[in-house]
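Since the structure comes first, as structure tokens, the remarks are kept for the end.
The values are calculated or read from the model by the stated rules, or taken from the named source; none is laboratory data. The structure displayed is predicted, hence computed values, not measured ones. Cβ placement follows ideal geometry from the backbone for every residue including glycine, while neighbour counts extend to all protein chains displayed.
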């Protein structure tokens, strides 16, 4: 009889547990699919704005902003034009990836040195700000004299433009370590390299990946700007933009612009995916 009473009590407890309504419990895949609806809506709004702006332009100036369907037919669907643009996109991608890689290596080294030595931070930080503020157009003749007109000269422009976010965000992330954790490591006699490897750098990972995403977009911009400054060698997207503007082939020009935007989006998404893969198990920024 006691066993029956116990079973009855357990049944009552189970029945008393709150059960979420069926409308609340939705599969994760269904939520991810339904969350994509803003993308086509945003695309349609941009497309409508483009048509409206083209329509409002005077007919003799409408070539400056061609109709979207003309861009598709004379740019994306034209085999010759698309072959040129895809080849140029590949060259620009290689330049942007190289510049971003160098920026990550140099920026990471500078950020760690700034964290280690306060005098080095005070000495370096003003020059980092100055480097970010210097207009590339003003120093392009100096870059031409120093590095010529080839791939390396273009990559220097890319590095200058994409460099700044990496050391500054890295330094900010490492300085945000909880003071109590630092005291705990000091209490156990941990060396500076141990604190850097096991405390400062893991704490800075969200800031580092945020810097990567920012610098990834800037590296694409830097690659295109560098190609426009140094009109030598195989043409990348920057050189194609100048070429199509000179030839008044604005449908192809806008195709290049769209391809450069897609390139920046792809690199940005890659680092966002990488950030979620690295941080998803322990940081709340990757769990939404």
Candidate set: segment 139-157, residues that are at negative phi and outside any helix (DSSP H, G or I); chosen: the one modelled with the lowest pLDDT: 149
Scan segment 251-276 for residues that are touching a helix residue (DSSP H, G or I) at 6+ places or on another chain (Cβ under 8 Å), surrounded by fewer than 19 Cβ atoms within 10 Å (Cβ to Cβ) and under 22 Å from residue 205 (Cβ atoms) and report the count. 5
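Of these, 129, 97, 110, which one is under 22 Å from the mean Cα position of the chain (by Cα), closer than 22 Å to residue 159 by Cα, exposed (fewer than 14 other Cβ atoms within 10 Å of the Cβ) and at pLDDT 85 or above?
Just one listed residue meets the conditions, 129.
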Of residues in segment 171-183 being at pLDDT below 85 and assigned to a helix (DSSP H, G or I), the one farthest from the chain's Cα centre (by Cα): 183
Unmet criterion (only one of (1) within 25 Å of the chain's Cα centre (by Cα); (2) without any contact (Cβ under 8 Å) to a residue 60 or more places away in the chain) for residue 88: (2)
Taking the conditions exactly as written (surrounded by fewer than 18 Cβ atoms within 10 Å (Cβ to Cβ), modelled with pLDDT of 85 or more and not in a helix (DSSP H, G or I)), does residue 248 satisfy them or not? yes
Condition (residue is without any contact (Cβ under 8 Å) to a residue 60 or more places away in the chain and part of a helix (DSSP H, G or I)) applied to segment 229-238: is it met by at least one residue? no
Criterion violated by residue 177 - all others in (1) free of Cβ contacts under 8 Å to residues at least 40 places away in the same chain; (2) closer than 24 Å to residue 96 by Cβ; (3) buried (at least 16 other Cβ atoms within 10 Å of the Cβ) satisfied: (2)
So which residues in segment 100-123 are touching a helix residue (DSSP H, G or I) at 6+ places or on another chain (Cβ under 6 Å) and farther than 17 Å from residue 209 by Cα, if there are any at all? 113, 114, 115, 120, 121
Taking segment 126-156 and keeping only residues that are under 18 Å from residue 215 (Cβ atoms) and touching a residue at least 40 places away in the same chain (Cβ under 8 Å), one is left with 128, 136, 154, 155, 156
May I ask you to list the residues in segment 126-149 that are over 18 Å from residue 223 (Cα atoms) and touching a helix residue (DSSP H, G or I) at 6+ places or on another chain (Cβ under 7 Å)? 128
